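The structure appears right after this line, and notes come after that.
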Amino acid sequence: MKVLVADDDPGSLLVAQAAVERAGHDCLAAANGDEAWGLYLEHQPDVVVTDWMMPGMDGLALCRAIRSRGADLYTYIVMLTSQDSRDDVLAGIEAGADDYVTKPLDPFVLRARLLVALRITTLHADLAHYRKVLSQQARTDPLTGLHNRLKLAEDLEQLHARSVRYGEQYSLAMCDVDNFKAYNDVYGHQAGDLALRAVAAALRAQARKSDGVYRFGGEEFLLVFPHQSLLRAKACMERALDAVRDLAIPHRGDPSGQLRLSAGISTFSPAQGGEPEALLGAADAALYAAKAAGRNRVEL
Ligand code: GH3
Ligand code: MG
Ligand code: MG
Ligand code: MG
């Protein structure tokens, strides 16, 4: 661990520093609270061992400053104090300290407390890791690996707010595999799954990096084109439909004998306004029109 020790008493600082280093940790030493805060910001230590009474920023203020940052990773704080009255201990813990050690400092006591610190910081690091993994998982469709509807809702809200603020347009395309129920009926559900994965990969590969590609539901995909007009988005979708046709996945249940898509486009323009929900509805209505007009096409 990286351990920051702060104490305005040079003797006490040396004892603490030696104990930290003997325990095998990297030690940063500060002669007062302000210096400690500077080192903290620069080095993000795992543990802070701080004296209570220091000129300038005292231990209590240092605790509060560290806690108010709400950093991703937890900093374990040990207060060093000769003030071991009950009230003082409570004030220290309330300010954000995890533990306290009374002065004069016994190096063995500090080593023991650092073992606890290691346990707690490891726990927090694990927690942060799982939180990140779960958050990614919650936004990913397991079959296709594309982003899912939750991520779409978040991204769309952000894009919409940005577009309103800067007066920019953007377009959405809702697309749906043609006669996919028949595909499952003829080839089986597992083959259907494989086809959906192939379609998803083709859509993702064909789209630009800045375009969003999401699995909206069953065999429906949603594409988001930031800054793009209706006609530009239509051209993009025509290419996407080409890319899926180029996969040449045999489909006996489709008149063409191959797996194909239909799509509907809608656009947000700052002049007309409108909410993302309405845009999704409009793209869905355009998709319905594409289906009604014979499928395998893009409608506005
Ligand atoms: P249309 O051309 O009008 O879109 O006809 P369709 O048959 O594609 O439309 P429908 O909504 O009737 O059928 C969609 C089918 O997609 C039904 C459902 O079983 C299938 N489906 C949805 N999700 C999955 C999936 O994850 N895997 C597989 N294999 N099939 C799925
Ligand atoms: Mg002091
Ligand atoms: Mg369909
Ligand atoms: Mg459908």
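The values are calculated or read from the model by the stated rules, or taken from the named source; none is laboratory data. This is a predicted model, so every value here is computed, not measured. Note: ideal-geometry Cβ built from the backbone for every residue, glycine included; neighbour counts use all protein chains shown. Protein only, heavy atoms only, side chains kept; ligands, DNA and RNA dropped before computing areas. Shrake-Rupley method; radii C 1.70, N 1.55, O 1.52, S 1.80 Å.
With the requirement that a residue be part of a strand (DSSP E or B) and of a type outside the set (A, V, I, L, M, F, W, C), what does segment 203-224 give you? Answer for segment 203-224, where residues must be part of a strand (DSSP E or B) and of a type outside the set (A, V, I, L, M, F, W, C): G212, Y214, R215, G217, E220.
Criterion applied to E220, E154, E168 was being under 23 Å from A282 (Cβ atoms) and within 15 Å of ligand 4 (Cβ to nearest atom), and the one residue passing it is E220. Summed over segment 1-35, the residues that are within 16 Å of ligand 2 (Cβ to nearest atom), open to solvent by less than 60 Å² (accessible area, probe 1.4 Å) and touching a residue at least 12 places away in the same chain (Cβ under 8 Å) give a count of 14. In segment 27-55, of all residues being in contact with an Asp or Glu (Cβ under 7 Å, 6 or more places away or on another chain) and not acidic (D, E), the one that is farthest from ligand 4 (Cβ to nearest atom) corresponds to P55.
Within segment 232-274, being closer than 11 Å to S171 by Cβ and not in a strand (DSSP E or B) holds for R232, A233, K234, A235, C236, M237, S269. Residue check: L134 meets all listed conditions (1) in a loop (DSSP other than H, G, I, E, B); (2) under 30 Å from V47 (Cα atoms); (3) modelled with pLDDT of 95 or more; (4) of a type outside the set (D, E, K, R) but one, namely (1).
Within segment 230-241, being without any contact (Cβ under 8 Å) to a residue 12 or more places away in the chain and either open to solvent by 60 Å² or more (accessible area, probe 1.4 Å) or more than 33 Å from the chain's Cα centre (by Cα) (or both) holds for one residue alone: L231. Restricting attention to segment 51-71, the residues being open to solvent by 20 Å² or more (accessible area, probe 1.4 Å) and assigned to a helix (DSSP H, G or I) number 6.
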